[in-house]
Amino acid sequence: MSIRRVSLALAAPVCAFVFSIGLSSLVLLAFGTNPMDAWSEMLSYGTRLETFVETGNRATPLYLAGIAVAIGFRMNLFNIGVEGQYVLAALLAASVGAAVDLPPVLHIGLIIAVAMSVGSAFAGVAGYLKVHRGVHEVISTIMLNAVALAAVGFLLRTWLLDESDTTLNITTPEIAPSGWFPNLNKLVEVFTREISRGRELWGFILVAAVVGVLFHVFLNRTRPGYDLRATGLNPFAAAAGGVDPEATVVRTMLLSGAVAGLIGLPQILGDAHTYDLGFARGLGFTGIAVALVGRNHPGGVAVAALLFGWLDSAAPILDVRGDAPREIVSILQGVVVLSAVVAYEVVNRIRQSAEAREAAVASQQSLESVSRTTT
Amino acid sequence: MTNLLKTSTVLRWMLAALGVVVVLSVVQELARPTTIDLISSGTAESTLRRAVPILLAGLGGIWAERAGVVNIGLEGMMVLGTWFGAWGALEFGPWWGLAIGIAGGAAGGLLHAVATVTFGVDHIVSGVAVNILAPALARFLSGEVFSGRSGGGITQSPRVESVGSLDLPFLSGGDLLGWGTPNLFGWTASQDWLLVSDVAAVLSGITRSLSWASLLALSLIPLSIFILWRTPYGLRIRASGEHPVGADSLGVSVYRMKFTAVVISGGLAGFGGAFIAIEQTGVYREGQVQGRGFIGLATVIFGNWQPAGAFLGSLLFGFADALQLRDRTAVHALLLLVGIVLIGLAVRAGVNNKRSSAAMLLITSAVVLWWYAVTEEVASELPPITPHLATLLVLIFATSRLRMPAANGLRYRRGQE
């Protein structure tokens with residue numbers, strides 16, 4: 001990789017981010033707020049240890065969501081259904097986790113296995129429909145999202161409701177402490193001061209990191225990963241090369257759904273220990289944004305997830321101090337997504353035309369050398 | 001008669017509508033006395049009101065996809081429509097609200113057009129980005145503009161006025177030049193004649209206190225059909241969606257066609273959003289679009305990329321929506337209806353010698369009818385997802401009959417195959 005290529009690759013997200021900051025500043029100015037106050041307030045609040053802990057907690061599910069989406073994107077498969085997959089998986093995993101009594105590690109393992117299987121199975125429906133019924137996955141997953149959310153509402157209200165809860169909370173029973181994922185506060189505090197305000201860094205961030213590494217290894221070091229990438233780059237060439245496109249579609253959806261199933265677990269295993277009405281929704285859609293900004297690359301998605309997580313963690317200070325409405329951060333994120341995808345496309349074109357030019361020069365030179373030797 | 005049936009689309013539609021009314025009234029008789037709302041003027045009126053935003057989103061989807069651009073951002077454009085519609089209605093009155101809502105949606109469409117047509121970004125990616133950006137913008141603007149006003153806040157606007165409605169003269173007793181005309185449908189509906197009164201009740205429901213905005217929206221169906229299929233401009237748009245390279249070689253400015261079609265698409269979605277805020281609820285509320293943009297997208301497929309088909313789909317979904325709001329027991333009776341329709345489909349499949357489909361349909365029908373028999377009420381979560389389930393079923397069983405524009409969703413760059 002030449003310096004030129006690296007700088008081109010980095011130019012796009014940096015330009016997109018700078019552009020988004022600029023546009024959001026203009027929006028703030030238009031409504032009579034000083035953008036510099038807002039940004040500096042966020043920077044000073046956002047560089048505190050507690051905010052970093054919060055950033056990690058928010059980035060973990062976003063990273064998993066981003067990877068789940070990226071797995072599909074890498075072969076041009078749009079799993080818009082991550083949203084429904086993870087909510088359904090979280091509900092069922094929390095219920096199963098509360099229903100059993102197991103030794104610590106096994107208990108967590110079972111909950112993770114249930115979540116991954118549910119997410120995988122539900123995503124598999126879309127894969128099956130695409131392969132055997134020719135239903136485009138974008139439409140089927142959008143429709144299945146609604147089905148999953150309705151199912152979650154119904155199940156939580158009826159069969160999976162904690163009957164013993166007397167506080168009128170709509171929640172599943174609590175998971176026993178053997179199914180709680182330990183936090184990483186002790187580990188972090190080796191390097192830093194004590195984390196105050198009762199903040200805990202959820203240990204599930206390690207699982208997310210492992211998922212990222214596995215994703216990288218799978219894509220670049222295994223045969224199915226190669227098939228997946230090849231199909232994404234050129235489905236016809238891949239099919240001609242012996243890749244079974246139908247099996248790859250189903251496999252990719254199953255894998256994407258399995259990772260999607262993990263999204264809700266940081267919250268459930270690390271903090272809530274139940275599935276209730278306070279469970280975070282919408283991470284599947286934010287995951288799409290994170291995957292887009294991170295270019296479906298395990299490292300890029302991590303940067304995007306941390307960026308989005310940090311923005312979400314630092315934003316509340318704006319409301320507290322009254323410098324600017326915190327919603328400006330949502331706008332910033334939306335603009336980042338849109339400008340990032342446009343910037344990537346522009347860079348892609350520049351790269352393609354540069355490659356075409358180089359190829360033309362090279363072929364010209366070889367032609368000249370051939371004609372020189374013949375004369 | 002058969003010849004006439006083939007030639008006259010209008011007559012065919014009227015006969016189909018009559019058939020629906022007959023089936024509904026039969027089901028209503030069977031399900032008495034638990035429900036009386038399956039077929040009534042109130043349900044008909046509510047159905048139309050609920051169908052209009054879905055119809056507009058569907059028309060928006062058709063405009064974009066006929067030009068070859070998949071517009072999954074309809075949802076976000078509708079959100080923009082709700083906010084700008086409510087804001088416009090608040091500041092300048094309801095008609096301006098509609099206009100500004102349309103402009104807001106069109107701005108979203110413009111964004112999508114710039115990303116997909118000018119920069120060649122993947123259509124789904126750009127649409128998703130619009131869907132992320134629009135609610136954020138609406139929330140921010142609400143905080144800046146609506147908070148501090150009475151009844152307003154970061155998640156909702158103060159109440160806004162609607163554009164008003166009319167009773168059609170003669171049919172539903174509306175005024176004509178100051179003269180109160182007779183109310184034909186209303187009178188017939190009150191006569192308690194078998195079937196005839198039911199038909200009249202439905203007609204009375206859709207012609208009485210009909211919103212001007214609904215009338216405007218309905219007129220966009222024939223207008224879209226006319227522009228897209230009867231004018232050179234429409235031909236160019238459709239050519240850009242079927243075979244952009246061929247269209248370009250014949251001198252069509254494909255970029256411009258796609259651009260305008262997507263902006264119009266956004267405007268239609270914005271109209272749908274503004275309709276929700278101004279006509280349906282009388283207020284902007286966060287999240288009030290509730291996936292109607294996606295349902296509109298579904299009606300595009302449902303209706304085979306035809307405006308009339310999308311209208312049919314929107315009526316179906318509007319009906320499910322209306323019933324669930326008006327009368328839960330009616331939703332239960334709907335199971336009976338679905339069971340009967342499935343038997344009808346099974347008979348048709350049997351006549352056509354498709355044994356396995358017939359058997360499958362019969363079994364499904366038996367399950368649904370059994371469900372109807374053993375329960376008193378349907379889970380409240382089911383009715384809202386009927387559009388989604390119906391779309392999935394249509395896609396699963398009728399894919400072979402659907403044909404989308406050939407170059408739909410494909411990236412197009414001039415001079416590149």
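The values are calculated or read from the model by the stated rules, or taken from the named source; none is laboratory data. Since we're looking at a predicted model, the values are computed, not measured. Here the Cβ positions follow ideal geometry from the backbone for every residue, glycine too, while neighbour counts run over all protein chains shown.
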For segment A:221-229, state whether one or more residues are hydrophobic (A, V, I, L, M, F, W, C) and over 18 Å from A:L306 (Cβ atoms). yes
Failed criterion for A:R281 (all others in (1) surrounded by 16 or more Cβ atoms within 10 Å (Cβ to Cβ); (2) under 22 Å from the mean Cα position of the chain (by Cα) hold): (1)
State the number of residues belonging to segment B:308-331 that are buried (at least 20 other Cβ atoms within 10 Å of the Cβ) and either more than 18 Å from B:V21 (Cα to Cα) or touching a Leu at 6+ places or on another chain (Cβ under 6 Å) (or both). 5
Is it the case that some residue within segment A:79-86 is over 28 Å from B:V70 (Cβ atoms) and touching a Gly at 6+ places or on another chain (Cβ under 7 Å)? no
Step by step: first the residues of segment A:1-10, then only those that are exposed (fewer than 15 other Cβ atoms within 10 Å of the Cβ) and in contact with a helix residue (DSSP H, G or I) (Cβ under 9 Å, 6 or more places away or on another chain), then the one that is farthest from A:N296 (Cα to Cα). Which residue is that? A:R4
For B:A134, which of the numbered conditions (1) crowded, with 24+ Cβ neighbours inside 10 Å; (2) over 16 Å from B:A277 (Cβ atoms); (3) in contact with an Asp or Glu (Cβ under 9 Å, 6 or more places away or on another chain) fails to hold? (2)
Can you tell which of A:R351, A:R372, A:R357, A:R326 is touching a residue at least 12 places away in the same chain (Cβ under 8 Å) and among the basic types (K, R)? A:R351
Which residues, taken from segment A:157-193, are in contact with a helix residue (DSSP H, G or I) (Cβ under 9 Å, 6 or more places away or on another chain), free of Cβ contacts under 8 Å to residues at least 60 places away in the same chain and farther than 16 Å from A:G56 by Cα? A:W159, A:L161, A:P177
Tell me the residue from B:S172, B:S147 that is among the hydroxyl-bearing types (S, T, Y) and at pLDDT 75 or above, please. B:S147
Filter result for the condition that a residue is over 30 Å from B:A407 (Cα atoms), at pLDDT 85 or above, more than 10 Å from chain A (Cβ to nearest Cβ) and part of a helix (DSSP H, G or I), over B:L228, B:L220, B:L215, B:L141: B:L215
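So that you can scan it fast, the table gives a plain yes or no per residue for (1) within 30 Å of B:I72 (Cβ to Cβ); (2) modelled with pLDDT under 80; (3) not in a helix (DSSP H, G or I); (4) not hydrophobic (A, V, I, L, M, F, W, C):
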residue	(1), (2), (3), (4)
B:I343	no, no, no, no
B:V347	no, no, no, no
B:S357	no, yes, no, yes
B:A379	yes, yes, yes, no
B:L395	yes, yes, no, no
B:N408	yes, no, yes, yes
Can you confirm whether A:T172 is loosely packed, with under 15 Cβ neighbours inside 10 Å, more than 14 Å from every other protein chain (Cβ to nearest Cβ) and of a type in the set (S, T, Y)? no
Within segment B:109-138, how many residues turn out to be acidic (D, E) and facing chain A (nearest Cβ under 7 Å)? 0
Search segment A:29-53 for residues that are of a type in the set (S, T, N, Q) and pair each with any residue that is part of a helix (DSSP H, G or I) when their beta-carbon atoms are under 8 Å apart and the residues are at least 6 apart or on different chains. A:N34/A:L28; A:T51/A:Y45; A:T51/A:W310; A:T51/A:S313; A:T51/A:A314
I'm checking my understanding of the structure. Among residues of segment B:253-287 that are closer than 10 Å to B:S162 by Cα and in contact (Cβ under 8 Å) with a residue 40 or more places away in the chain, which one is nearest to the chain's Cα centre (by Cα)? B:F275
Of (1) under 24 Å from B:L18 (Cβ atoms); (2) hydrophobic (A, V, I, L, M, F, W, C); (3) at pLDDT 75 or above; (4) surrounded by fewer than 14 Cβ atoms within 10 Å (Cβ to Cβ), B:L194 fails just (3)
Can you give me the ranges of the helices (runs of 4 or more DSSP H) entirely in segment A:281-375 with at least 3 residues that are over 26 Å from B:I154 (Cα atoms) and within 14 Å of chain B (Cβ to nearest Cβ)? A:283-293, A:327-374
For segment B:273-296 the number of residues that are touching a Leu at 6+ places or on another chain (Cβ under 6 Å) and either within 14 Å of another protein chain (Cβ to nearest Cβ) or on the phi > 0 side of the Ramachandran plot (or both) is 2
Do any residues in segment B:379-404 that are more than 8 Å from chain A (Cβ to nearest Cβ) have Cβ atoms under 7 Å from those of residues that are modelled with pLDDT under 75, where the two are at least six apart or on different chains, and which pairs are they? B:P383/B:Q324; B:P383/B:V331
Of the candidates A:W180, A:W202, the one satisfying the condition of being more than 14 Å from chain B (Cβ to nearest Cβ) and either in contact with a Lys or Arg (Cβ under 6 Å, 6 or more places away or on another chain) or at pLDDT 85 or above (or both) is A:W202
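For every residue, the table says whether it meets (1) β-branched (V, I, T); (2) at pLDDT 90 or above; (3) in contact with a strand residue (DSSP E or B) (Cβ under 8 Å, 6 or more places away or on another chain); (4) closer than 20 Å to A:P316 by Cα.
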residue: A:V14; (1), (2), (3), (4): yes, no, no, no
residue: A:A38; (1), (2), (3), (4): no, no, no, yes
residue: A:E41; (1), (2), (3), (4): no, no, no, yes
residue: A:Y45; (1), (2), (3), (4): no, no, no, yes
residue: A:V53; (1), (2), (3), (4): yes, no, no, yes
residue: A:G56; (1), (2), (3), (4): no, no, yes, yes
residue: A:A59; (1), (2), (3), (4): no, yes, no, yes
residue: A:Y63; (1), (2), (3), (4): no, yes, no, no
